[in-house]
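Before any comments, here is the structure.
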Amino acid sequence: MEKKEQELREAAERGEEDRVKKLLAEGVNVNAGRGTETALHSASLNGHTGTVQALLTAGAEIDARTYAEWTALHEASYRGHTGTVQALLTAGATVNAQTNSRSIALHKASSRGHTGTVQALLTAGATVDTRNYMNETPLHEAAEGGHPECVRVLLRAGANTVIRNRDNKTAEDLAVQEDVQQEFQFFKALQPKVVDDLLTINLSDKELTSVPAELFDNRDVECLVLSDNKLTSIPEVIGQLQKLQKLDLKNNLLTQLPQAITTLPNLQDIDLSHNKLETLPDGFSRLKQLYGLNIWYNVFKEIPEEVCSLLRLQILNLAFNPLKCLPDKISQLTGLTMLHINDCQFDEFPRHLQLEGLQGLYMGNWAGEDKPSLVPEDIGRLKNLQVLDVQRSGLESLPDGVGELMQLKYLNISDNRFTSVPEQIMNLSNIRELHLSDNRISRLPLTLSQMAQLKNMYIEDNPLTYPPPDVCEKGTAAIMDFLRMELKKKEDKELRKLFSRFSQNVTKAHEVEDLAGALGLSIEETSKTQMPRSQAFKVLLKWMETDSEASMDKLQQELSEFGMDRLAQEAGRIKAQPVKRPADASGGPPAKRPAAGGPSGEGHQEEQQTKEKIRQAEQKLVQMQHHSEIQEAMVHSLRAEVTRFRDKEEQAQKVLLDHKLEIQQLQEANVAMATRVDDLLQDNEKLRSQVVLLGGEHADEQATQVLEQTILMFTENVLQKSRQSKPTLEESERATAAESRLLTKLSCRLGSDWRRLGAGLGIPQPRLDSIQAQYNNAIQRACRVLQVWIWGGRHGLPHDLKQLETVLKDMDRPDLLDIVKTAFKDYIEEMPEVEVEPDASVDEQGVTTWSVQLPGRGKFLCKHTDLGVVTPCPVQLTYRTVNLSEHWLESEDWELIGPLFHIQCNHGDDVPVELLLPHILDLSQEDSSALSPDDVRAAHVVAGNTTLHPADITPTHFLTRHRNGCFWSPVMQRIRALIWPRRGLLTLFKTSQTHDTVEVKAVMVSNTKYSVQALQKYLSQLDPKFYWWDSITCPGLRAHQIYCLQASVENGTLDLADPEPPSGLEYEDTLDSNRIYPSFHLNVKRHPDSGWVQLNLQLYPETEDSNVVCSCKRRLIYGGAEAGPSDSEDVRKHFFFIKENVSTDWINLAHFLGFTRPAIDAIQYKPANRDAKDCCMDMLEQWRTQRGAAATLQVLLQALTEAGLQDTVDQLNTM
């Protein structure tokens, strides 16, 4: 019978239903099993549903257990036999039966990704959050196994996402594959969150082509964001979201809206921008609560009148639609505060816009198609307007009504044809932001400084000559300060003229005193001998210096309050209009002489009076002569000043004339160059054809190169002019040699495709039309298009070059792709490197993880690992090196030639970040050009699956674009990797030379500075301490090969050489700077009477002693006759040489010469020390002064050696 039971299990395993039934009919025990595995288990494991049903009919125990406590349901679920699972469940199988590891059938199906089986078990009542012995739920199993569909089903079934297993990890933590991570992210996005007090679901930028049905299960959502997807329609079930207040559908592919939108009673704000809508659904007027409607960038040709019934509407954006007119009833929207009608195609400006409550009006280019879009004369009636935007309207002036908009805070008149700042805006005292860029303005008026509220002013792309460029570069605040200062100078000059005229009316000394008293001033003793008018003028000038509010109005007021009515009236008259200088009233009619024969007493009295008058006249004459001398000196001084000013004016006129002649010559040269370029373009095809006939198949390329050289002058001229017109730091950085080469090569080859390229790069058609009108030929236009694109790029070069590459592919221009790829690589190689020090953290397993916040745009290299990142924005970079055997599957075709990194960046998906993966190739060989891009790749490992991405090759790194995921490494085709040499260093370290015996360690490491730095840090902590001595390049080292070091000594003995040939050490070509490599150990001893000893080294492969990889000779100098002079005056002669060679390493040298950190800081920040060389010389002089006779060449050489400056030591030894 036991044989029959065995036959039953085998028949069930094979699904032989008839045989099973026959055996059962013969009386074989249906529940008999080997190891408690019954025939039902075997049939279920292999998915034989019919056999399972036959066994169940025959009385098979449905929940029979194996030794591991598995039921038939576990077996069928593990293999994903959904039909068998359903048959077992129908027959009454226990859906939540647990194995000895506490797993239920749902665990088994989830771990293998059997989505249909998972769904069947859930329908049958499987507990979705059952935990096994590892405290893991089925969601953990599905996530770790990389099964996104199962994860989706379990999440929809309500699986708990925060349960942690014994390793304290959630299911999301176990998700490695990107598609599984996306499922969790999508699930979280479907969970409503409170944003701005609204219950919000945000599914923006999810690559959706349809709206997921489960979204509408949450009827309480108040804000729904579906922007930046690929939706072509919205389902009518959106009408179920009756609490919806805000709907964002921008940046999709919608051509119509569902009728159900009009049934949303609480909808207040809807954004439909950047779609393909032509109209709104009928009944749109039922949205009575709507206050914001945004439909810009669609294809509306008319606006339905129903919109005019939305009386609560406050914001209406109709921009960038081919509208010809607006509904007549638009004036009913009296609550409208913000209106966008820019970039439409109106036949005339809408005259029925009676919207006095409007606060913002965007109307630039309202006529479209480069037609003049004039500002209406009656715009002044919009008294509440705070924002006015009329950019790109072809305007040369503004109507007077603009000057009546006293509430205006933001004004944009950029990209027009203004030659000066419009006078109408000068009285708009509330302006805070003013856009004047892209006009023809040459001077900013002084009255602009009276806009006290102005905080931001944009003046780019104007031919400004005033204020000076150095002021404009500093921004709005500096410009306003400059204008205020210049205006104050002008006002002070005018005020001095008025004060001079007024002072002519002060004729008496007491009036001067009264004037000074009225102004709160005193009269200087030295000026009391001067005439009253001169004294008065000095008082007024002093008043100007002490009172910033001094003016003719205030002078008149002060005089009136002080009771000086006559002078107050004079001040008022002078202020009102210029008056002639009053005549001198010092004289008068001659006095009548008395009649002769009068009484003698009267005659005597008359005589005395006459004498007194004569005396007074003589005194006055002396005073007048004194004043005359002073005036004469003043006149002489003024004449000399005038002469000097005239000389300066003549010189300035001469310089100006010279500049005009230079400008004229440059203009003529430019015209000649442009004409020459036209001729070259016209003869280009003929030239190429002739050269091809003469030179063969490669001659066309030669002709292009000749043309490039001819036109390069013009291209650089255009670039130079453009940089001069926009001299900002950012653009100066962009002006690299790589950019010039790129513009030159592309401009010469694009030809008539320049316009297609511009459109593909997103340059508006009006701008392209402007370029066509401004430049005469295709090369100039192509150059300008590329220049506009570079400066307007989203991320800047080199990152935007990938966009250029895509556009050229779409244009089917493969001849230009290599140029762009080369420019991309060159640009990154030319970028300055910035070293960053990452923060390190070590986990329980001893794995070091590095993290660093990159501050912004730049090229950064991380210390310790040499990993590099080129980013256009701030990025948080986290990375670690990982075990190759765990994450890299050996490939027959590709071999890793660098470390395997686990890299994470927190940048957005739309932000390009370039990775610089360090490699260990020796690209300094003469035949390195033989290594093509096809030979190397950047390996990207995700969940065990490897994708190979293209990589650009540099001497130190592979360059590739970062993508979300896990592991990265540089790889090379195995057949090339076996023969390609690796770059290496033989690095020498030695102990101090204070004794006769010196210990030397020689280490073979990869040729990176971080490997040497790590070794130096480690060896400096040993006892005795080792110092870096030298590094010798060893080209052609082979990985995992044994190398021997042959050492010999001159003028001394070699006491130890370990290991000694023929034994050697293995060269490991890795970049792991955290480990310490085995080293050759040498003990060198000098002869007692010798001042130096020389160490000779040769490194060669173990089996090829004649094939020396590298060799070197290094000399150790000791004190004594051959060590050089020890006198401190003699050592001073070497200071200049050390200063020139040590330079920026002077701080390190100072430490070894005994300087403290405060002493070094004092030298570094001394004003007299302009650079590192000055600091080095100052430090050496201080050392000699402080140490006196102890400051010897021997001490200095020792310090240089310990500071790692062996090259300087070697050169000093030969001097």
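Please find, within the stretch 468-491, the residue that is surrounded by the fewest Cβ atoms within 10 Å (Cβ to Cβ) out of those that are among the acidic types (Asp, Glu) and within 19 Å of Ser551 (Cβ to Cβ). Please lay out each step first, then the result.
If we filter the stretch 468-491 for residues that are among the acidic types (Asp, Glu), which is where we start, we get 470, 473, 481, 486, 491.
Narrowing further to those that are within 19 Å of Ser551 (Cβ to Cβ): 486, 491.
Details: Glu486: 14, Glu491: 12.
Ranking the candidates gives Glu491 first.
For Pro814, all conditions in the list (1) in contact with a strand residue (DSSP E or B) (Cβ under 7 Å, 6 or more places away or on another chain); (2) surrounded by fewer than 20 Cβ atoms within 10 Å (Cβ to Cβ); (3) of a type outside the set (A, V, I, L, M, F, W, C) hold save one; what is the number of the exception?
Result: Pro814 passes all but (1).
Look through the stretch 419-467, keep the residues that are under 18 Å from Asp389 (Cβ atoms) and of a type in the set (Lys, Arg), and return whichever of them is surrounded by the fewest Cβ atoms within 10 Å (Cβ to Cβ).
So, considering only residues that are under 18 Å from Asp389 (Cβ atoms) and of a type in the set (Lys, Arg), the one surrounded by the fewest Cβ atoms within 10 Å (Cβ to Cβ) is Lys455.
Does Val911 meet the test of being out of contact with any Ser or Thr (no Cβ under 7 Å at 6 or more places or on another chain) and either modelled with pLDDT under 85 or buried (at least 20 other Cβ atoms within 10 Å of the Cβ) (or both)? Before the answer, list the steps.
Values: out of contact with any Ser or Thr (no Cβ under 7 Å at 6 or more places or on another chain): yes; either modelled with pLDDT under 85 or buried (at least 20 other Cβ atoms within 10 Å of the Cβ) (or both): yes.
So Val911 passes the test.
Find all pairs meeting these conditions: Cβ atoms under 8 angstrom apart; at least six residues apart or on different chains; first residue within the stretch 817-833 and exposed (fewer than 15 other Cβ atoms within 10 Å of the Cβ); second residue part of a helix (DSSP H, G or I) and acidic (Asp, Glu).
Leu817/Glu805
Inspect all residues belonging to the stretch 411-419 and state whether any of them is touching a residue at least 40 places away in the same chain (Cβ under 8 Å), assigned by TED's automatic domain parsing to the domain that holds Asp370 and aliphatic (A, V, I, L, M).
no
Looking at this structure, is Pro766 under 27 Å from Arg417 (Cβ atoms) and either at pLDDT 80 or above or among the polar types (S, T, N, Q) (or both)? Give the derivation first.
Working: under 27 Å from Arg417 (Cβ atoms): yes; either at pLDDT 80 or above or among the polar types (S, T, N, Q) (or both): yes.
Yes, satisfied.
Would you check which residues across the stretch 380-400 are more than 38 Å from the chain's Cα centre (by Cα) and either in a loop (DSSP other than H, G, I, E, B) or modelled with pLDDT of 90 or more (or both) and list them?
Leu382, Lys383, Asn384, Pro399, Asp400
Out of all the residues in the stretch 1087-1109, which are surrounded by 20 or more Cβ atoms within 10 Å (Cβ to Cβ) and closer than 22 Å to Thr1208 by Cα?
Filtering the stretch 1087-1109 for residues surrounded by 20 or more Cβ atoms within 10 Å (Cβ to Cβ) gives 1093, 1095, 1097, 1099, 1109.
Those that are surrounded by 20 or more Cβ atoms within 10 Å (Cβ to Cβ) and closer than 22 Å to Thr1208 by Cα: Val1093, Leu1095, Leu1097.
Please go through the stretch 728-763 and pick out each residue that is basic (Lys, Arg) and modelled with pLDDT under 85. Write out each step before concluding.
Step one: of the stretch 728-763, the residues basic (Lys, Arg) are 734, 741, 745, 749, 755-756.
Listed by number, the residues that qualify are Arg734, Arg741, Lys745, Arg749.
Regarding the stretch 291-304, can at least one residue be identified that is over 42 Å from the mean Cα position of the chain (by Cα) and of a type in the set (A, V, I, L, M)?
Of the stretch 291-304, the ones over 42 Å from the mean Cα position of the chain (by Cα) are 304.
Applying the additional criterion that residues be of a type in the set (A, V, I, L, M) yields none.
Looking through the stretch 291-304, none of the residues is over 42 Å from the mean Cα position of the chain (by Cα) and of a type in the set (A, V, I, L, M).
Hey, does the stretch 272-289 have a residue that's among the small types (Gly, Ala, Ser), in a helix (DSSP H, G or I), in the same structural domain as Thr232 (by TED's automatic domain parsing) and within 17 Å of Lys329 (Cβ to Cβ)? Before the answer, list the steps.
We begin by selecting, within the stretch 272-289, every residue among the small types (Gly, Ala, Ser); these are 273, 283, 285.
Those still in the list that are in a helix (DSSP H, G or I) too: 285.
Remaining after also requiring in the same structural domain as Thr232 (by TED's automatic domain parsing): 285.
Remaining after also requiring within 17 Å of Lys329 (Cβ to Cβ): 285.
Yes.
I'm checking my understanding of the structure. Among residues of the stretch 109-127 that are β-branched (Val, Ile, Thr) and either touching a Ser or Thr at 6+ places or on another chain (Cβ under 8 Å) or in a helix (DSSP H, G or I) (or both), which one is farthest from Arg156 (Cα to Cα)? Spell out how you get there, then give the answer.
Of the stretch 109-127, the ones β-branched (Val, Ile, Thr) are 115, 117-118, 123, 127.
Still in the list and also either touching a Ser or Thr at 6+ places or on another chain (Cβ under 8 Å) or in a helix (DSSP H, G or I) (or both): 115, 117-118, 123.
Values: Thr115: 13, Thr117: 15, Val118: 12, Thr123: 12 Å.
The qualifying residue farthest from Arg156 (Cα to Cα) is Thr117.
For every residue, the table says whether it meets (1) under 27 Å from Ser414 (Cβ atoms); (2) at pLDDT below 90.
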position	(1), (2)
Thr263	no, no
Asp271	yes, no
Asn275	no, no
Val307	no, no
Arg312	no, no
Leu339	yes, no
Arg351	yes, yes
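From the list Gln1206, Gln1211, which residue is under 27 Å from Lys1017 (Cβ atoms), over 36 Å from the mean Cα position of the chain (by Cα), surrounded by fewer than 15 Cβ atoms within 10 Å (Cβ to Cβ) and not hydrophobic (A, V, I, L, M, F, W, C)? Please lay out each step first, then the result.
Working: Gln1206 fails: surrounded by fewer than 15 Cβ atoms within 10 Å (Cβ to Cβ).
Exactly one residue qualifies, and that residue is Gln1211.
For residues in the stretch 537-570 being among the polar types (S, T, N, Q) and under 59 Å from the mean Cα position of the chain (by Cα), which is modelled with the lowest pLDDT? Steps first, please.
At the first step, the residues of the stretch 537-570 found to be among the polar types (S, T, N, Q) are 546, 548, 551, 556-557, 560, 569.
This time we only want the ones that are under 59 Å from the mean Cα position of the chain (by Cα), so: 546, 548, 551, 556-557.
Details: Thr546: 86, Ser548: 82, Ser551: 87, Gln556: 86, Gln557: 87.
Restricting to residues being among the polar types (S, T, N, Q) and under 59 Å from the mean Cα position of the chain (by Cα), the top hit is Ser548.
Has the stretch 167-178 got any residue that is closer than 28 Å to Leu224 by Cα, in contact with a Gly (Cβ under 8 Å, 6 or more places away or on another chain) and at pLDDT below 90?
yes
How about the stretch 308-378: which strands (runs of 3 or more DSSP E) wholly inside it have at least 3 residues that are in contact with a helix residue (DSSP H, G or I) (Cβ under 7 Å, 6 or more places away or on another chain) and in the same structural domain as Asp769 (by TED's automatic domain parsing)?
No strands (runs of 3 or more DSSP E) qualify here.
Any idea how many residues of the stretch 1151-1204 are within 23 Å of Lys990 (Cβ to Cβ), assigned to a loop (DSSP other than H, G, I, E, B) and among the small types (Gly, Ala, Ser)?
Count: 3.
When the residues of the stretch 181-221 are narrowed to those that are of a type in the set (Gly, Ala, Ser) and part of a helix (DSSP H, G or I), which ends up surrounded by the fewest Cβ atoms within 10 Å (Cβ to Cβ)? So that I can check it myself, show each step before the final result.
Within the stretch 181-221, the first condition is being of a type in the set (Gly, Ala, Ser), and the residues that meet it are 189, 204, 210, 213.
Now drop any that are not part of a helix (DSSP H, G or I), which leaves 189, 213.
Working: Ala189: 18, Ala213: 9.
For the stretch 181-221, the residue satisfying everything is Ala213.
The values are calculated or read from the model by the stated rules, or taken from the named source; none is laboratory data. None of these values were measured; they are calculated from a predicted model. Neighbour counts are summed over all protein chains in view; Cβ atoms, including those assigned to glycine, are modelled from backbone coordinates with ideal geometry.
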